[in-house]
Amino acid sequence: MRAFSLPTLFLLIFSFSFSSHAQENISIDKVIAVVGNERILLSDVEQELLRIKMQGSTNANIDRCQLLEQLLIQKLLITQAKIDSIEVNEGSVESEVDRRLKYFINQIGSEKALENYFNKPIFEIKDDLREIIREQQLTQQMQRKIVDKVKITPSDVKAFYKKIPSDSLPDIPMQYELQQIAIYPPDAEKAKLEAKEKLLEIRNRILNGERFSTLAALYSEDRASAIKGGELGFRSREELVKAFADAAFNLKEGQISQVVETEYGLHIIQMIERRNDQVNVRHILLKPQFTTDLLSKAVQKLDSIATLIRNDSITFENAALRFSEDKKSNLNKGLMINPFTNTSLFEKEHLQPSDFYAIKDLKEGEYSAPFESRDEHANIVFKIIKVKRIVPAHKANLKDDYDKIQEMAKLSKENEILRDWVSKKIKSFYVRIDNDFHGCNFQSKGWIK
């Protein structure tokens, strides 16, 4: 039986837009369905089909009827969310827009490459992404409200696993368990001082009459906000790192902060507007710039540590504890934690490209040569990575993949509840579907009235 699930639209990379050549293949647009006050266009279905093809899907069962039903369910959830007065936090939307945009740019190589891929400027890509994330978060909040009380016991997980045909178990790709020793370039204070002096010069130019937004566009290294004159959008205190939030929330309208240091670099901040517990500010971010000599010193330090490990003068684990400057892993023998899954296992796609390239040919117990990478804040860091364990690609099983099976069991139970909810709401909501889609064999009955 075909699995029923909450719409997964727009959750994958590059799901928010399409290149110009893809658009040329879309026929004349029209409204093909209405749910409450929400409309679905033919282009919505066609673009989602193109997105799936762009990502290399060979699933012949994916058709326009199936995609239309996913969109119908999404619009049903959005309509109910609006009736229930559910609202998304705009600061959270902006934060997610920035996070995904940085991830996309990192994956494709540069901001310019991303613009070329979609044949549109970065601010348009960001606007497209913002609206989709807003609807996505609204949909997710409504779904959580519907399935909030679902609980799964170990016996539920085992019973669910026994019912899954062996050929229907998911394929788990190769995974890596990794340890690292991370070193930041030395003499950071000198580099910070130079960045601070440059920021102070920019601040003086603003105080002397130049526009903050113009200088942000010219100089800020936060390119996602620089294209909007450094504007971040409304954020709550919790959505900002502490030092930045402390400075921002102490500003008056139009006021500019002194230089503020965070883990992302050095900032100056301008207050635009404050609304209750949220602020909208502009900022200019500069990161310390390191000379080739300073970068070489970091590599030399890692080389010395690697020599100690090779000569059995110290274990990799003790070296990580003693020398690594990554606070999240050094006290745990250098063990890296996957931020996407909160486990110690990484799939290829979850690693920085530089990190994967460094370990892709290593065996268990081997470690890389020193190499340059980026930390979670896009700061330069040098690493040695040890491959602690390699989990070969395999079919999911209870022993190795209990968490994944548990997640599947919970999702299955949630889908049952959601399916019942959809069946009831179809009867009470206004739904109209274009005649061209009346032949669809929708999974939930009642869409066509």
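The values are calculated or read from the model by the stated rules, or taken from the named source; none is laboratory data. Nothing here was measured: the structure is a model prediction, and the numbers come from that model. Reconstructed Cβ throughout: ideal geometry from the backbone, glycine too, with neighbour counts over all protein chains shown. Areas reflect the complete protein model, heavy atoms only, side chains present, ligands, DNA and RNA absent. Shrake-Rupley method; radii C 1.70, N 1.55, O 1.52, S 1.80 Å.
For residue 167 and residue 113, what is the calculated FRET efficiency with R₀ set at 56 Å and r taken between the beta-carbons, to the nearest 0.05?
Given R0 = 56 Å and the Cβ-Cβ separation, E is 0.90.
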### Query
To the nearest 10 degrees, how steeply does helix 42-54 sit against the main Cα axis of the chain, on a 0 to 90 scale?
50 degrees
### Query
Accessible surface of residue 440 in the full protein assembly, 1.4 angstrom probe, to the nearest 10 Å²?
20 Å²
### Query
For the stretch 172-260, with only Lys/Arg (+1) and Asp/Glu (-1) charged at the beta-carbon, what is the dipole magnitude about the Cα centre, in debye rounded to 20?
280 debye
### Linear extension gain, residue 314 paired with residue 375, 0.36 nm per residue minus alpha-carbon span
19.4 nm
### Query
Rolling a 1.4 angstrom probe over the protein heavy atoms, how many square angstrom per residue are accessible across the chain?
54 Å²
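Could you give the length gained on full extension between residue 419 and residue 394, defined as 0.36 nm per residue of separation minus the Cα-Cα distance, in nm? List each step's numbers first, then the result.
On the way: separation 25, 0.36 × 25 = 9.00 nm, distance 3.08 nm.
Length gained, residue 419 through residue 394: 5.9 nm.
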### Projected label distance in nm at residue 187 and residue 343, using a 7 Å step from Cα toward the beta-carbon
4.5 nm
### Task
Note the angle between two axes, namely the Cα long axis of helix 154-163 and the longest principal axis of the Cα atoms of the chain, as a number of degrees from 0 to 90, rounded to the nearest 10.
60 degrees
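Output the relative contact order of the stretch 87-221, whole-number percent, from Cα pairs under 8 angstrom with separation of 6+ residues.
Numbers: 29 pairs, mean separation 25.4, N = 135.
Relative CO of the stretch 87-221 lands at 19 percent.
With a 1.4 Å probe and every protein chain kept in, tell me what percent of the accessible surface of the stretch 192-315 is carbon plus sulfur. Don't skip to the end; give the middle numbers.
Details: 3030 of 6580 Å².
It is 46 percent, rounded to a whole number.
How high is the FRET efficiency between residue 123 and residue 200 when r is their beta carbon distance and R₀ equals 30 Å, given to the nearest 0.05?
Details: r = 29 Å, r/R0 = 0.95.
Calculated value: 0.55.
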### Task
Calculate, in nm to one decimal, what residue 102 and residue 296 gain on full extension: separation in residues at 0.36 nm each, minus their alpha carbon distance.
67.1 nm
### Query
Please state the relative contact order of the stretch 317-410 as a whole percent: Cα pairs under 8 Å, 6+ residues apart?
15 percent
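Before anything else, pin down the relative contact order of the chain: Cα pairs under 8 Å, at least 6 apart, normalised by residue count, whole percent. Could the numbers behind the result be given before it?
Details: 647 pairs, mean separation 92.0, N = 449.
Averaging sequence separation for qualifying contacts and normalising by length gives 20 percent for the chain.
In the stretch 97-141, carbon and sulfur make up what percent of the accessible area (probe 1.4 Å)?
Details: 1000 of 2060 Å².
Using a 1.4 Å probe with all protein chains present, the stretch 97-141 comes out at 49 percent carbon and sulfur.
Carbon and sulfur together cover what percent of the accessible area of the stretch 323-398 at a 1.4 Å probe radius? Could you put the intermediate results ahead of the total?
Values: 2260 of 4180 Å².
The computed percentage sits at 54.
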